[in-house]
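Novice: Take a look at this one; I'll ask things after.
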Amino acid sequence: MASKQPIPDSTDRSELDSGSNDVRDAEYMRRALALAQQGWGQTAPNPMVGAVVVRDGVVVGEGFHARYGEAHAEVVALKAAGDRAQGSTMYVTLEPCNHFGKTPPCTETIIQARVSRVVIAAADPTALAGGGARHLADYGVRVDFGVEEAAALELNAPFFFAATNPNRPWVTLKLALSSDGKMNDPSGEHRWISNEQSRAEVQRLRANVDAIAVGLGTVRADDPQLTARGPIRPRIAPLRVVFDRDAETPLESNLVRTARQTPTAIFAHHPAITRLAALHNAGVDVFEAEDLPDALEALHGFELQHLLVEGGARVAQEFLKRKLVDRLIIFHSPITLGTNALSPFDGFQSDFREWLASLPIIRRAELGEDVMSVFAMREA
């Protein structure tokens, strides 16, 4: 049901949302949310948005924001609807924009199409684009808020977080764990803990983030590429980040050798001049950071909304202990690695299984014999 919440411009909105009076509102909005996800990896720094136009109980148009700089979801859906948009209801996952940016205001297109009602999942939190609901209401359009709001906030959690948190990006920590909670194999028998299906999902996740980070230990042990290599190719390749206190990332590593093709940054604490010069000559950007929060503040300053942290164990421990994780994604494998393997939960006072059981689960999926769980460390 639609909720009555304050709108971004702080104007009383009580006359805007008389409430959802049809259980089908949620169904149409879920369709809009599914459409929005088709913009995965293509819309940043804009959010993913979907829209559905319904007249007399029939869907007459639908669309999504396919790529940054291109037409917004509302415009695409109204174009598909044509003259049938008159007197219709539009379902849109984010409050229509009310400003000129890369495209004209969506509110004007909605008004010109003579849409009667607009159902919005979530208000736009930005001062620049917000205010669309008020503008629509001023022109006689009925506006309802809050249908499937939680799902809409989760879909674009980094975008909403960026609007109200000036110190760091939204952080997703991804871990591949054995059945006994370990994340490396000291014997070298298992190069991969997770299976191919899990690794394919990681590639999909990478396609929708602004940066991918690891620690020096992971660089030395795995020599990763940290690129999105699945079927979804991101509009902009994620920045590759290494937390490396003394800037000791090997010059022969994949990250350094390909730094001129894919942006790569190292955060170090007072690195030696010789290391700075060598890395700089290879195309790597090195930034000084006193600690992890300092590095995250710098990343936020680069206008990065979403950081995916992929390990290793010590980096994961640091993020968890400092409470800098917003979403925790764990790929559980049936493999057992034993007590000599490292765990990101070493040093925790409570058993990690009990701790995980206490966290809300956003999503859970079986990927072959692996199980992926997405835990919420904070609300979206």
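The values are calculated or read from the model by the stated rules, or taken from the named source; none is laboratory data. As the structure is a prediction and not an experimental result, all values here were calculated from the model. Glycine also receives a Cβ, built like all others from the backbone with ideal geometry; neighbour counts cover every protein chain displayed. Heads up: the accessible areas ignore ligands, DNA and RNA and are worked out on the full protein's heavy atoms, side chains in. Shrake-Rupley method; radii C 1.70, N 1.55, O 1.52, S 1.80 Å.
Novice: Is there a residue in region 159-173 that is touching a Gly at 6+ places or on another chain (Cβ under 9 Å) and either modelled with pLDDT under 90 or outside any loop (DSSP other than H, G, I, E, B) (or both)? Quick ask: steps written out before the conclusion?
Specialist: Start the filter on region 159-173 by keeping residues that are touching a Gly at 6+ places or on another chain (Cβ under 9 Å), which leaves 173.
With the extra rule that they be either modelled with pLDDT under 90 or outside any loop (DSSP other than H, G, I, E, B) (or both), the set shrinks to 173.
Yes, that holds for at least one residue.
Novice: Continuing with the same structure: Among the residues in region 145-163, are any touching a residue at least 24 places away in the same chain (Cβ under 8 Å), β-branched (Val, Ile, Thr), open to solvent by less than 60 Å² (accessible area, probe 1.4 Å) and under 26 Å from ALA295 (Cβ atoms)?
Specialist: For region 145-163, residues touching a residue at least 24 places away in the same chain (Cβ under 8 Å), β-branched (Val, Ile, Thr), open to solvent by less than 60 Å² (accessible area, probe 1.4 Å) and under 26 Å from ALA295 (Cβ atoms): absent.
Novice: Still on this structure, please answer the following. Within the group GLY87, GLY131, which residue is over 19 Å from the mean Cα position of the chain (by Cα), open to solvent by 10 Å² or more (accessible area, probe 1.4 Å) and modelled with pLDDT under 95? Before you say what the answer is, go through the steps one by one.
Specialist: On the way: GLY87 fails: modelled with pLDDT under 95.
Residue meeting the stated conditions: GLY131.
Novice: If you take the residues of region 32-60 that are among the polar types (S, T, N, Q) and either part of a helix (DSSP H, G or I) or surrounded by fewer than 23 Cβ atoms within 10 Å (Cβ to Cβ) (or both), which of them is modelled with the lowest pLDDT? Write out each step before concluding.
Specialist: Start the filter on region 32-60 by keeping residues that are among the polar types (S, T, N, Q), which leaves 37-38, 42-43, 46.
This time we only want the ones that are either part of a helix (DSSP H, G or I) or surrounded by fewer than 23 Cβ atoms within 10 Å (Cβ to Cβ) (or both), so: 37-38, 42, 46.
Values: GLN37: 98, GLN38: 98, GLN42: 98, ASN46: 94.
The selected residue is ASN46.
Novice: From the residues in region 304-327 that are surrounded by fewer than 22 Cβ atoms within 10 Å (Cβ to Cβ) and among the charged types (D, E, K, R), which one is nearest to VAL219 (Cα to Cα)?
Specialist: The selected residue is ARG314.
Novice: Only one of (1) of a type in the set (Val, Ile, Thr); (2) surrounded by 24 or more Cβ atoms within 10 Å (Cβ to Cβ); (3) in a helix (DSSP H, G or I) fails for ILE120. Which number is that?
Specialist: (3)
Novice: Does region 348-371 contain at least one residue that is among the charged types (D, E, K, R), open to solvent by 30 Å² or more (accessible area, probe 1.4 Å) and either within 22 Å of ASP291 (Cα to Cα) or touching a Phe, Trp or Tyr at 6+ places or on another chain (Cβ under 6 Å) (or both)?
Specialist: Taking region 348-371 and keeping what is among the charged types (D, E, K, R), we get 351, 353-354, 363-364, 366, 369-370.
Next, from what is left, pick out any that are open to solvent by 30 Å² or more (accessible area, probe 1.4 Å): 351, 353-354, 363-364, 366, 369.
Next cut, either within 22 Å of ASP291 (Cα to Cα) or touching a Phe, Trp or Tyr at 6+ places or on another chain (Cβ under 6 Å) (or both) only: none.
No - not one qualifying residue is present in region 348-371.
Novice: Could you tell me which numbered condition ASN98 fails, if it satisfies all but one of (1) touching a Cys at 6+ places or on another chain (Cβ under 9 Å); (2) surrounded by 24 or more Cβ atoms within 10 Å (Cβ to Cβ)?
Specialist: Just one mismatch for ASN98, condition (2).
Novice: So which of ASP285, ASP291, ASP351, ASP326 ends up being of a type in the set (Asp, Glu) and touching a residue at least 60 places away in the same chain (Cβ under 8 Å)?
Specialist: Numbers: ASP285 fails: touching a residue at least 60 places away in the same chain (Cβ under 8 Å); ASP291 fails: touching a residue at least 60 places away in the same chain (Cβ under 8 Å); ASP351 fails: touching a residue at least 60 places away in the same chain (Cβ under 8 Å).
Of ASP285, ASP291, ASP351, ASP326, the one residue that is of a type in the set (Asp, Glu) and touching a residue at least 60 places away in the same chain (Cβ under 8 Å) is ASP326.
Novice: Select from region 69-80 the residues that are among the hydrophobic types (A, V, I, L, M, F, W, C) and surrounded by fewer than 24 Cβ atoms within 10 Å (Cβ to Cβ) and write down the one among them that is nearest to VAL58 (Cα to Cα).
Specialist: Applying the first criterion (among the hydrophobic types (A, V, I, L, M, F, W, C)) to region 69-80 yields 71, 73, 75-78, 80.
Now restrict to residues that are surrounded by fewer than 24 Cβ atoms within 10 Å (Cβ to Cβ): 71, 75-76, 80.
On the way: ALA71: 23, VAL75: 18, VAL76: 17, ALA80: 13 Å.
If we take residues in region 69-80 being among the hydrophobic types (A, V, I, L, M, F, W, C) and surrounded by fewer than 24 Cβ atoms within 10 Å (Cβ to Cβ), then ALA80 is nearest to VAL58 (Cα to Cα).
Novice: Tally the residues that are among the aliphatic types (A, V, I, L, M), in contact with a helix residue (DSSP H, G or I) (Cβ under 7 Å, 6 or more places away or on another chain) and closer than 16 Å to GLU27 by Cα, restricting the search to region 50-87.
Specialist: 5
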